[in-house]
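K.L.:
Below is one structure. I have some questions about it.
The values are calculated or read from the model by the stated rules, or taken from the named source; none is laboratory data. Note that the structure is a prediction, hence the values are computed from the model and not measured. When we count neighbours, we look across all protein chains shown, and the Cβ atoms used for this are built from the backbone with ideal geometry, even at glycine.
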Amino acid sequence: MMANELRFFLTAVGYFTRVPLPARLASWVGFEPHFLNAASRYFPLVGLIVGAFGALVAWGALSFWSPSVAIVLGMAATLLFTGAFHEDGLADCVDAFGGGYRREDVLRIMHDSRVGAFGAIAIVVALLLKWQLLVSVAESGGAM
C-alpha cells in the first residue's frame with residue numbers, strides 16, 4: 001500500500017516538474033490515465049513544493065537584490081522547476097480560443113506545439129500580473 005502511494009506521489013512529481021528520476025524509478029512510475037487519476041491526490045502537495053522552492057529562491061535572493069528582482073528570480077526558478085508546464089497550457093488555450101472559430105479549429109490549434117501571438121501575449125500578461133501582485137504583497141509587508 002505504501003509503495004503505491006510513493007508511486008503515485010512520484011507520478012505527480014514527474015508530471016508537474018522537471019525533477020529527474022533515477023532510471024529505475026522512472027520505469028516504475030507511470031503516466032497512464034489510471035496512474036494520473038490516483039496521483040491527483042498529490043497534486044496540491046507538488047504545488048506546495050514548487051511554491052516553496054520559488055519562495056526559498058526569492059528569500060535567498062533578497063540578501064543581494066531588491067524585492068522586485070528577488071521575486072523575478074523566484075518566478076524564474078519555478079518556471080525552470082516545472083518546465084513552464086502551466087504557462088504552456090495557458091498559451092495553448094488562449095491560442096486556440098483566440099484563433100479558432102469552429103470546434104475542430106480550436107482542438108487543432110490547442111494540440112499544435114507552436115506558440116502563436118495570442119499565446120505569447122497571454123504568457124507575458126500572466127507573468128507580469130503575477131510579478132506585480134507578488135511585488136505588491138512584498139511592499140505591503142506581506143510574505144517577504
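K.L.:
Among G116, G74, G99, which is the only one that is closer than 19 Å to V50 by Cα, small (G, A, S) and assigned by the TED database to the domain that holds A61? Let's see the steps before the verdict.
P.N.:
Values: G116 fails: closer than 19 Å to V50 by Cα; G99 fails: closer than 19 Å to V50 by Cα.
Checking each option against the conditions leaves just G74.
K.L.:
Check the stretch 123-137 and report whether any residue there is of a type outside the set (A, V, I, L, M) and without any contact (Cβ under 8 Å) to a residue 24 or more places away in the chain. First the steps, then the outcome.
P.N.:
Quick first cut of the stretch 123-137, residues of a type outside the set (A, V, I, L, M) only: 130-132, 136.
Subset that is without any contact (Cβ under 8 Å) to a residue 24 or more places away in the chain: 132, 136.
Looking for residues that are of a type outside the set (A, V, I, L, M) and without any contact (Cβ under 8 Å) to a residue 24 or more places away in the chain, one finds at least one in the stretch 123-137, hence yes.
K.L.:
Something else now. Tell me yes or no: at least one residue of the stretch 105-123 is under 13 Å from the mean Cα position of the chain (by Cα) and within 30 Å of F9 (Cα to Cα). Break it down stepwise before answering.
P.N.:
Initial filter on the stretch 105-123 (under 13 Å from the mean Cα position of the chain (by Cα)): 123.
If we keep only those that are within 30 Å of F9 (Cα to Cα) as well, we get 123.
Checking the stretch 105-123: at least one residue is under 13 Å from the mean Cα position of the chain (by Cα) and within 30 Å of F9 (Cα to Cα).
K.L.:
A follow-up question, please. Among the residues of the stretch 73-86, is any at pLDDT below 90 and within 25 Å of V19 (Cα to Cα)? Before the answer, list the steps.
P.N.:
Residues of the stretch 73-86 at pLDDT below 90: none.
Looking for residues that are at pLDDT below 90 and within 25 Å of V19 (Cα to Cα), one finds none in the stretch 73-86, hence no.
K.L.:
Can you find a residue in the stretch 33-44 that is surrounded by 19 or more Cβ atoms within 10 Å (Cβ to Cβ) and polar (S, T, N, Q)?
P.N.:
Checked the stretch 33-44: no residue is surrounded by 19 or more Cβ atoms within 10 Å (Cβ to Cβ) and polar (S, T, N, Q).
K.L.:
Next up: Just checking, how many residues over the stretch 1-40 are closer than 23 Å to L80 by Cα and free of Cβ contacts under 8 Å to residues at least 12 places away in the same chain? Walk me through it before giving the result.
P.N.:
To start, the set of residues in the stretch 1-40 that are closer than 23 Å to L80 by Cα comprises 8-23, 25-26, 29-31, 36, 39-40.
Keeping just the survivors that are free of Cβ contacts under 8 Å to residues at least 12 places away in the same chain gives 20-23.
Qualifying residue count, the stretch 1-40: 4.
K.L.:
A follow-up question, please. Does A70 satisfy the criteria of being of a type outside the set (S, T, Y) and at pLDDT 95 or above?
P.N.:
On the way: of a type outside the set (S, T, Y): yes; at pLDDT 95 or above: yes.
Answer is yes for this residue.
K.L.:
Hey, can you tell me all the residues within the stretch 81-110 that are surrounded by 14 or more Cβ atoms within 10 Å (Cβ to Cβ) and among the aliphatic types (A, V, I, L, M)?
P.N.:
Listed by number, the residues that qualify are A84, L90, A91, V94, A96, V106, I109, M110.
K.L.:
Within the stretch 1-29, take every residue that is part of a helix (DSSP H, G or I) and among the charged types (D, E, K, R) and give me the one that is surrounded by the fewest Cβ atoms within 10 Å (Cβ to Cβ). Give the derivation first.
P.N.:
Here is the first cut: in the stretch 1-29, the residues part of a helix (DSSP H, G or I) are 2-16, 23-28.
Add one more test, that the residue is among the charged types (D, E, K, R), and what stays is 5, 7, 24.
Numbers: E5: 13, R7: 17, R24: 7.
Among those that are part of a helix (DSSP H, G or I) and among the charged types (D, E, K, R), it is R24.
K.L.:
Restricting the search to the stretch 30-49, which residues are under 17 Å from A3 (Cβ atoms) and in a helix (DSSP H, G or I)?
P.N.:
H34, F35, A38, A39, R41, Y42
K.L.:
Let me ask another. One residue is enough: does the stretch 85-106 have a residue meeting the conditions under 28 Å from S140 (Cα atoms) and free of Cβ contacts under 8 Å to residues at least 12 places away in the same chain? Don't jump to the end; show me each part of the working.
P.N.:
Keep residues of the stretch 85-106 that are under 28 Å from S140 (Cα atoms), which gives 86-87.
Those still in the list that are free of Cβ contacts under 8 Å to residues at least 12 places away in the same chain too: 86.
Within the stretch 85-106, one or more residues are under 28 Å from S140 (Cα atoms) and free of Cβ contacts under 8 Å to residues at least 12 places away in the same chain.
K.L.:
Considering only the stretch 55-74, state which residues are buried (at least 17 other Cβ atoms within 10 Å of the Cβ), among the small types (G, A, S) and in contact with a Leu (Cβ under 9 Å, 6 or more places away or on another chain).
P.N.:
If the condition is that a residue be buried (at least 17 other Cβ atoms within 10 Å of the Cβ), among the small types (G, A, S) and in contact with a Leu (Cβ under 9 Å, 6 or more places away or on another chain), then A58, A61, A70, G74 are the ones that fit.
K.L.:
Another question, then. Could you count how many residues in the stretch 12-26 are at pLDDT below 90 and in contact with a Gly (Cβ under 8 Å, 6 or more places away or on another chain)?
P.N.:
Going through the stretch 12-26 one residue at a time, the tally reaches 2.
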